[in-house]
Every structure is written in C-alpha cells, then in structure tokens.
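To keep things clear, I will list the structure first and then write my remarks on it.
What follows draws every value from the coordinates through simple rules; no lab data is involved. Owing to the predicted nature of the structure, the values given are computational and were not obtained by experimental measurement. Quick reminder, even Gly has a Cβ in these numbers, built from the backbone with ideal geometry, and neighbours come from all protein chains shown.
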Amino acid sequence: MKIILPVLVLSAAAAVVVSPLLLGSDPVPPVPLDPRAAGADAPQVDQDAAKVVGHYTGAFGKNKITIRIEKVVGTSVLGYSIVAGNERAFSGSSTRREDGIMIVVAREPGDDKNDGVFQFRVEPDASAILGWWQPYDKKLETKHYRLARRVFRYDPTVGDYPQSSTKLLAKADLEESSQHGLRVMRSEIYARHGYSFKKRDIREYFDDKDWYMPMSMDVAAQLTPIEKKNEALIKRFETYAAEYYDKFGR
C-alpha cells in the first residue's frame, strides 16, 4: 500500500490537510484546524465521541509518550502530551469516517521549538490511536506512533527497588548500595507516580519499563509520607557516595 505523507501548510490562515494516515484506501477529507471554519455542513462527532477521552501511551521515537484526550465537544478536540519532561497542550478538530473511525488533527501552540501537529486515527473501540507527529521545525524528524489506551494506576510494588515505596528505609538498607543504584532507587519513587524525566539516561531507563507511564511534570504532592522520608535519606546517601566513590573503589 502506498504511504502518503500529509502536507502541512503552517501559515496562520491555512488549514491542515489530513492524509489517509496509512489507515485504508479511502482518502480522508481535509479537516480545518479551526472547527468554526468547517461550516454548517461539516460532519459532527456523535455522542459516542466521549469514549475516546483518556490516556494513550507508547513509543514516540526514542522516548515514551502519553497523549491525553481531555475533551471532545462537537468536532473540537482538546488535550495534551507528556514526553521527555515536557508537557504541551494541543487543540484541533475531528471528523468521523463512514466506517466509524475518528480522525483527529491537533496543533501544539508553536511557542516551543519542539512543537508540531499531531494527526491520528482513533480505533472504533478507542483501544488505541495511530498516526504521526509533524514538527513545525523542518530540521526535526516526523515521528510515527501507535499508542495503546491505558489507565494510570499507582503501584508501590513495581520496579527493582520497591522497598523505597513500601517500607521506611534505614541507613543499613543503603550502606552497600552503589551511587547508580541509589539514583535509580530514588528515581523509582517518582516514576511510580508517573513523573516524566528530562535527563536522558534516567528517562531511557524508565521508558524501557512496561509498568512506567509518563503522566506529569510534578508529582511531589503525590508522594506518600514513607516515600518522602525515603527520598530524603537516599539523596543524602547519593551525595555521600559521589564524594567517596573513588576512595572506596566502588
């Protein structure tokens, strides 16, 4: 099947044209970015559109992304994405094909160098979204993705160091840990709450974990009393390990 890439016209007055999105042989009619420009005869999303509201997570280039469809009103779609320690809102419009598949074109604000346009289809059962992201900056690469619908649930038992969330740690629990182990242990506390990491090495570490789901730029308020105490203790040991790493030959 021939793959047709979308043509994006990014002038202020232009509409974004939706391609078949690799989704079948029937072309998808152009969808104006501003739903108000569609006119009275524009296709209207039925009440079942509400079922697409939710989180969709999966690979996005080398990173893991979560897209949240926040609201669908008429043909208008609002939401945001969380990836690589960056949260960006998007807004756009939708249309529904005769086969029931919803097509969404949504644009990020454009005031960040990494902003662009999302174009995706929503599976009829809203189990996944499939499409691509086209950056405004032509120096950046287009990213294709298939994101599965997922409900975030905090689980203190996941990870390599669940004890950092499940029990109050003592100094003896940390004395034999390496600097790297301490860093992962402390970061796992945040990862369990869906924190989106900016630093590449730790981000790549957690993006590779099936249980991990980026959800927020700030989860400090979600930490439990045990986690707050453990995080502080681990951080002190991290500093100690960094200072005495060479001396102890670790």
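Quick check on the stretch 112-176: take the gyration tensor over C-alpha atoms, sort the square-rooted eigenvalues as a ≥ b ≥ c, and tell me if it's rounded (a/c under 1.5), prolate or oblate.
Oblate, since a/c reaches 1.5 and b/c is not below a/b.
Compute, for the stretch 35-149, the length of the dipole vector about the Cα centre, with Cβ point charges of +1 (Lys, Arg) and -1 (Asp, Glu) only. Units Debye, rounded to 20.
The dipole magnitude comes to about 340 debye.
Given 0.36 nm per residue, what is the gain on full extension from THR142 to LYS198 after removing their alpha carbon distance, in nm?
Residue separation times 0.36 nm, minus the Cα-Cα distance, leaves 18.1 nm.
What are the extents of the Cα atoms of the stretch 54-212 along their three principal axes, listed from largest to smallest and rounded to whole Å?
Taking max minus min along each principal axis of the Cα atoms, the stretch 54-212 gives 63, 35, 20 Å.
Farthest toward the dipole's positive end in the stretch 45-157, which of TRP132, VAL53, ALA89, given Cβ charges of +1 (Lys, Arg) and -1 (Asp, Glu) about the Cα centre?
My answer, from the dipole projection, is TRP132.
For the stretch 72-86 and the stretch 154-201, write down the distance between their C-alpha centroids in whole Å.
The distance from the Cα centre of the stretch 72-86 to that of the stretch 154-201 comes to 30 Å.
Throw me the Rg/Rh for the stretch 163-248, computed over C-alpha atoms with Kirkwood Rh, two decimals.
Using Cα coordinates only, the ratio equals 0.97.
Evaluate E = 1/(1 + (r/R0)^6) for TYR240 and ASP111, where r is the Cβ-Cβ distance and R0 equals 51 Å; express this FRET efficiency to the nearest 0.05.
According to the calculation, E is roughly 0.75.
GLU87 to LYS229: extension gain in nm, 0.36 nm per residue of separation minus the Cα-Cα distance?
Difference between extended and current length: 48.3 nm.
Which of the residue pairs LYS209/LYS229; LYS64/LYS228; LYS138/LYS209; LYS199/LYS229 have a Cα-Cα distance greater than 28 Å in the structure shown?
Pairs exceeding 28 Å: LYS138/LYS209.
Ordered by packing density, taken as the mean number of other Cβ atoms within 10 Å over each peptide's residues, highest first, how do 154-167, 186-199 rank?
The densest-packed peptide leads the list: 186-199, 154-167.
Taking 0.36 nm per residue of sequence separation and subtracting the Cα-Cα distance, how much length would be gained by fully extending the chain between GLN222 and ARG150, in nm to one decimal?
Gain on extension, GLN222 to ARG150, equals 24.0 nm.
Which one, SER187, THR166, THR224, projects farthest toward the positive side of the charge dipole computed for the stretch 163-248 from Cβ point charges (K/R +1, D/E -1)?
Going by the Cα projections, it comes out as THR224.
By count of other Cβ within 10 Å, fewest leading, how are PHE237, PHE120 ordered?
Ascending number of Cβ neighbours within 10 Å: PHE237, PHE120.
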